[in-house]
Structure formats: C-alpha cells, structure tokens
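Worksheet: one structure, shown below.
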Amino acid sequence: MGKHSQAGRGVFWRSIVLGCVKWLAIISLPIAAAFVVFSLVKSNDPGDLAASPTPTASTSPTESASPTPVPSDPSPSAPPALSGKVQVLNGGTDNADAKDAVARLSAAGLDVFGPSDGRSRPQTTVFYHPGAEEQARAVADFLNVTKVEPAPKTLDPSIPVTVVTGADYKAIRRD
C-alpha cells in the first residue's frame, strides 16, 4: 500500500479527532467540575436566599433597629410601630408581590431595600438577625405573615430584618 492509501487516511483522521477530543477534555473538564462544585455549594445551603442585597429605595433615614412606641390611636386599622432597615426579596412567582411589600413597608416609615430576587419559597417569611426579633415580629404582623425565623448567615447582617415574599403573599395580604 502507498502512503496515500485509504487505510492511511483513516488513521490520519482518527488521530486528528482523538487529539482534538483530548484537548477539549483537558480544557473543559476543570471548567465543568468548577461549575458543578459551585452549583452544589449554592444549592445545598438552605439559607441562601440572595447572593447580595441590592439597595434600591430608601424612604426614611431612620437607622434605629428598635421599634418606636405604639401610637396613642389604638384603632385596629393603625399599623404597629415600625422602624429600622428592612430588605425585601422576591421568593414567589410574581415580582409585583415583593414590590407591594416594599411599598407597604416604605409607607409605614421603614428604610426599605429591594425588591431583589431571592430563592423561591411557598410561604412568605420574615427573617431577623440577633437583636431584631421584636422588629421582625412587628413587620410580620404588619404584613400578616406568620412565619418568623432567625436569619441564615447568607443574609446581610447590616440589615436586621429581611422579608422574603412567597407564593402565598397575595392570599395573606391585607388590603
């Protein structure tokens, strides 16, 4: 057989393809492995609600993390005393829910950050950092939220309370 025979061409092309596959594997495997590890780390953290808060709207310069005294008007329609910083994350299917929570909390005089996207959840939840449980409960009462929990480490500790709207937000909202 000559050097340009059919058998020689098959070996030539096979060596080209295998060489390309080898280099493709060498380049792509570390990238794929890093992506898988990153995805597993992010998905296994049950408290990972948002990568980073996005402060967007600040309606009150109030910096206090403690609630203000209850107003003298004891009418049932009066909102509970609210103050301090609150972050709102959208954990439901409709970003309008998070925007509604931002509007309500801003109107009540809170320093509100958000809305930002959070991890999807079925139930609206108010999270609090140490020392802010009373403020969180006031926010929860104001929004008619029953689930109040300590904040996971992934939430920004400079914002004492975080509201994550869930799929149930429209059902629990008071108009």
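Only the coordinates and a few stated rules stand behind these numbers; no lab work does. On a predicted model such as this, the values are computed, not experimentally measured, just so you know. Cβ atoms come from the backbone with ideal geometry, glycine included; neighbour counts cover every protein chain shown.
Values as computed for the structure displayed
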item	result
For R137, net neighbour charge (Lys/Arg +1, Asp/Glu -1) across residues whose Cβ lies under 13 Å away	-3
Isotropically averaged projected area of region 84-175, using the convex hull of Cα atoms (one quarter of hull area), nm²	5.0
Long-range amide H partners of L82 with built H, under 5 Å	T68
Sequence ranges 20-30, 128-138, ranked by mean other-Cβ count within 10 angstrom, highest first	128-138, 20-30
Distance in nm between pseudo-label sites at T146 and A25 (7 Å out along the Cβ direction from Cα)	5.6
For region 109-160: rounded, prolate or oblate by the Cα gyration tensor [a/c cutoff 1.5]	rounded
Formal net charge of residues neighbouring L82 (Cβ-Cβ distance under 13 Å; K, R +1; D, E -1)	0
